[in-house]
Amino acid sequence: MRTGAFFPELSPDDKTLVYVGYTSYGFDLFAMDVDPSTWTVAPDYVDTRPDPPSPVHGAILGRHRYNPLPTLRPRSWTFDYASPGLFGNSYTITTTGGDVVGHHGIAALCASTPIAAIPTSR
């Protein structure tokens, strides 16, 4: 809000309007003369708004239980490779997802650590 007039009150003799105004300097008290002879007549109302849209046929208007299964599916996949470590290489595939509303989620991980060859001496 940049400016405004608040709490208007007429004086007891109905000749002065006093209100709290807000300007760039803050709140202050303002007064103005009330002279009904200077008032203009309000113009007639002209409706320029369009008619409301017609109702959508076939729309679901009733309540029903939410079923997440039609939209519950994986949304992201990652593949990870860990360099040789104590037990050799490691491969991991991860997926996460959820329903479109965000009420349900799923996650799955598949990891594989192939057995490293054990060195032997001859």
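Can you figure out the FRET efficiency of N67 with S112, using R₀ = 41 Å and their beta-carbon distance, to the nearest 0.05? Using R0 = 41 Å, I get an efficiency of 0.75.
Of P12, P84, P55, the residue with the greatest mean-square motion in the GNM of the chain, using alpha carbon springs below 10 Å, is P12.
For a test of the definition: using alpha carbon positions, the gyration tensor, and the 1.5 limit on a/c, classify region 73-112 as rounded, prolate or oblate. Since a/c reaches 1.5 and a/b is larger than b/c, the shape of region 73-112 is classed as prolate. In the chain, Cα pairs under 8 Å separated by at least six residues give a relative contact order of 14 percent. Extending each Cα 7 Å along its Cβ direction at S83 and A59, get the distance between those two points in nm, one decimal. Rounded to a tenth, the inter-label distance reads 5.9 nm. Summarising the overall dimensions of the chain from its C-alpha atoms, the Rg and Dmax are 36.8, 119 angstrom.
Bear in mind that the values in this text are calculations on the coordinates, not laboratory data. Here the structure is a predicted model, which is why all the values come from computation and not from measurement. Virtual Cβ from ideal backbone geometry, glycine too; neighbours counted across all protein chains shown.
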